[in-house]
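The values are calculated or read from the model by the stated rules, or taken from the named source; none is laboratory data. Quick caveat: nothing in here was measured; it's all calculated off a predicted structure. In this analysis, Cβ positions are derived from the backbone assuming ideal geometry, glycine residues included, and neighbour counts consider all displayed protein chains.
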Amino acid sequence: MWIKDRHMWMVFVLPGVILLVLVLGWPAITSILYSFETEQAGDAAYTLANYKSLLKDPFFSTTFWNTTVFVFFSVALHMILGLAVAMVLNSALPAKPMFRVIALLPWVVPDVVAGIIWKWMYDPIYGALNDLLIKIGLLNNPIEWLSNPKLAMTSAILVNLWRGFPFVMLILLAGLQSIPRHLYEAAAIDGAPKLQQFIHITLPGLKKMIVVALALDIVWEVRRFGLIQAMTQGGPGVLTEVLSTYTYKQYFKFFRFEYASAISVVMTIVLLLVSLPYIWMISQEE
Amino acid sequence: MKKIFTISVFMAVIIIVFSFNSAMAEQVTLRFSDWHLTEDVWNKSLNEGMDIFHKQYPNIKVVLEPVSYGEKETKYTVESAAGRAPDVFHVHAFSLPMFFGKGFAKDLTPFIEKEGSGFLDAWYPLPIKLMKHNGKMHAMPGDYMTMVLFYNTNMFKACGLDPDKPPKTTDEFLAYAKKLTRDTNGDGKVDQWGFGTVGAKSPGFSMRFGPFLWSFGADYLTPDMKRSALDTPEAKEAFAFFVELYTKHKVVPPGLTAMNPQEVRTQLAQKKVAMIMGSGWTPPIVNKINPDLNAFEVLQCAPAPVKRKQATAIWLSSWVMSPSTKHPNEAWQLMKFITSKDIELKWFVDNRVTSSRKDVSGVAPEILNDKFASVMASQLPYGKVEPQIKQWPEIMDTFTTSLQEAIVGMKSPEKALSEAHERINAILAR
């Protein structure tokens, strides 16, 4: 045998490594190099001009803030609703499998499709939401959900809540099912109320799952694109413009490849920082 | 004898295989991409056109690649950068500078020179001028139309307005829009609006806003295209007029900043609005959305309302050959075919889009006698094209952002326009 057994793993790993380098590494390096180029300077010159422009770009700072708000509230609401639904589905519920499927449905709807559906739901003339709220007497006149500056971001976050909570729910449900029943039984015998059981058994039991769900959800929400692009295209003004839509616009609408690459690099650094606790946790386990 | 028979069969098989291979080798496949392929009416028409092409050029097989209207630039940019763009594709004329700048459009001069002098004389001069980059033809012109005011004659009649006397001035237009905005079912709430327009960050916005801006005597940029021209009193007046249609006069339906062209056409098709800005594509699309409206009968069109001077926006599309095409000669045959006189007339008959060829739009009775096309053709002398500079999409996005801020009341029209002016200057100075 020309390869020793202890080196055999390389043969199996190599195709995957090559594929990863080609599919992820090469575009990433190209993008980083692009971010140091400028349209005017030509390929040979590498400068920090794009990063300096980013610091002065008022739209970028607004977009960064919008992304923070969007991600913070989306993730927080995903966690709250996801945990609540997971606990309901973990209880002795009749027809549990059916409810689990129903709860998962929003998650299987593609981002753009969800955006288009909700854009029509929110429509002030034809929208089902206004119609429903008027019929049950909660509204007198239709609300401009996506055009009202005070409501546009909230409306986008609400749709994202609907679309994204099942993922968190799924992870936390798996965590809930791994908590031994006897802990609750012992607590009940000792007379601990449900809230105490939740604080001292459920939450500690879910700690790792919560970190996983948080890390993955934050990364996904920072990258969220189709939903906002389909609903508001960043408007009104730049009230719902987030980093992903701004990068897309710079790259594909304005053809500013170099500047868009700089935004992507900043986004990647932020995402890496956010992912650190998750990476640390995984490495600790190993 | 048996041996001879075996050898003969063997030879015959070889000849057949070689003939087949040689025939296969001559067969060329071209990729053709157009956003119209996603539209029912156009899709049928383009497929019929390609059937004719296949009969004329049996050695060329054309594979159709649909792309959505909003994503065409994205698709072609990525594919061009990777050297895998369709052999022939369709874009707005105002997207061309970006494609030219990145080297994503093949120089067509050698093909045009082979066609002989005078080949381009069949087209109007302006479209030809806009297809040039560094003095050389890098694209062929396609649809060439003006934006006009479409209105529902039945809704005019219901409000006591004479459909044969559409609004001519912006003052009349506002008066008409106010009259057409009303509560039709008596529940105390407005359910019909005078004017529907695009307010979203869409390529269709500038086509609808430009006629107002230019008619007020203003412009986006200075003539040398080096600076913003939005600080003039005329620009401020036009901007305020457009914003106040929504904020003050309330003749535009709610949700304006989220409205794309198709949603506005849906409002016209569903009789929610009585007037919109549109062009040749409007009647067939509205008819498709709501056949019960009987759009070809009920709709009528008129020149864009005038404030100080007659002006409108010109819609011009263009056909681009990818520099990475492996079959440039066949791709040119396809481009020549889709821009030929007969086929351009077919595009009009099927889709109501007028041609950039003057030997079609200027002479064809089908166009000259059409109630919509005749109005659009009459406006060509007053038509303006959007600036053909690579910063244009970014400038328009900046402008639309400010307009939206004024529409939703985040900023006064003066402040929003002033900010747009400064930002556009910063973009141009970069």
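What number of residues within region B:397-415 satisfy the criterion of being touching a residue at least 24 places away in the same chain (Cβ under 8 Å), of a type outside the set (S, T, N, Q) and within 16 Å of B:Ala238 (Cα to Cα)? So that I can check it myself, show each step before the final result.
Step one: of region B:397-415, the residues touching a residue at least 24 places away in the same chain (Cβ under 8 Å) are B:397-401, B:403-404, B:406-409, B:413-414.
Of the ones still in play, those that are also of a type outside the set (S, T, N, Q) are B:397, B:399, B:403, B:406-409, B:413-414.
Add one more test, that the residue is within 16 Å of B:Ala238 (Cα to Cα), and what stays is B:399, B:403, B:406-407, B:413-414.
Number of matching residues: 6.
Among the conditions (1) in contact (Cβ under 8 Å) with a residue 40 or more places away in the chain; (2) in the same structural domain as B:Ala81 (by TED's automatic domain parsing); (3) among the charged types (D, E, K, R), the only one that B:Lys309 does not satisfy is (2).
Selection of region B:152-204 for residues being assigned to a strand (DSSP E or B) and surrounded by 15 or more Cβ atoms within 10 Å (Cβ to Cβ) yields B:Asn152, B:Arg182, B:Gln192, B:Trp193, B:Gly194, B:Phe195, B:Gly196.
Every residue, every condition in (1) within 15 Å of A:Thr67 (Cβ to Cβ); (2) more than 20 Å from the chain's Cα centre (by Cα); (3) among the β-branched types (Val, Ile, Thr), yes or no:
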{"position": "A:Trp220", "(1), (2), (3)": "yes, no, no"}
{"position": "A:Arg224", "(1), (2), (3)": "yes, no, no"}
{"position": "A:Leu227", "(1), (2), (3)": "yes, no, no"}
{"position": "A:Thr240", "(1), (2), (3)": "yes, no, yes"}
{"position": "A:Ser244", "(1), (2), (3)": "yes, no, no"}
{"position": "A:Lys249", "(1), (2), (3)": "yes, no, no"}
{"position": "A:Ser261", "(1), (2), (3)": "no, yes, no"}
{"position": "A:Thr268", "(1), (2), (3)": "yes, no, yes"}
{"position": "A:Val274", "(1), (2), (3)": "yes, no, yes"}
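Is it the case that region A:201-218 has a residue that's of a type in the set (S, T, N, Q), in a helix (DSSP H, G or I) and more than 14 Å from chain B (Cβ to nearest Cβ)? Yes: region A:201-218 contains one or more residues that are of a type in the set (S, T, N, Q), in a helix (DSSP H, G or I) and more than 14 Å from chain B (Cβ to nearest Cβ).
Within region A:96-152, the set of residues being assigned to a helix (DSSP H, G or I), within 12 Å of chain B (Cβ to nearest Cβ), in contact (Cβ under 8 Å) with a residue 60 or more places away in the chain and buried (at least 19 other Cβ atoms within 10 Å of the Cβ) comprises A:Gly115, A:Trp118, A:Lys119, A:Tyr122, A:Ala152.
State all residues of region B:247-260 that are surrounded by fewer than 24 Cβ atoms within 10 Å (Cβ to Cβ) and more than 7 Å from chain A (Cβ to nearest Cβ); if no residue qualifies, say none. Outline the logic, then answer.
Taking region B:247-260 and keeping what is surrounded by fewer than 24 Cβ atoms within 10 Å (Cβ to Cβ), we get B:247-250, B:254, B:260.
Hits for region B:247-260 are B:Thr247, B:Lys248, B:His249, B:Lys250, B:Asn260.
Looking only at residues in region A:235-256 that are in contact (Cβ under 8 Å) with a residue 24 or more places away in the chain, at the interface with chain B (Cβ under 9 Å from one of its Cβ atoms) and touching a Ser or Thr at 6+ places or on another chain (Cβ under 9 Å), the one that is surrounded by the fewest Cβ atoms within 10 Å (Cβ to Cβ) is A:Val238.
Only one residue in B:Lys106, B:Lys102 is touching a strand residue (DSSP E or B) at 6+ places or on another chain (Cβ under 8 Å) and either farther than 15 Å from B:Ser317 by Cβ or within 14 Å of chain A (Cβ to nearest Cβ) (or both). Which one?
Values: B:Lys102 fails: touching a strand residue (DSSP E or B) at 6+ places or on another chain (Cβ under 8 Å).
The conditions single out B:Lys106.
Tell me, which residue of region B:318-331 that is buried (at least 24 other Cβ atoms within 10 Å of the Cβ) and hydroxyl-bearing (Ser, Thr, Tyr) is nearest to B:Leu108 (Cα to Cα)? Top of the filtered list is B:Ser322. Whenever a residue of region B:44-64 is charged (D, E, K, R), its partners that are not in a strand (DSSP E or B), lying with C-beta atoms within less than 8 angstrom and at least six residues away or across chains, give the pairs B:Lys44/B:Asp350; B:Glu48/B:Lys346; B:Glu48/B:Asp350; B:Lys61/B:Gln27; B:Lys61/B:His54.
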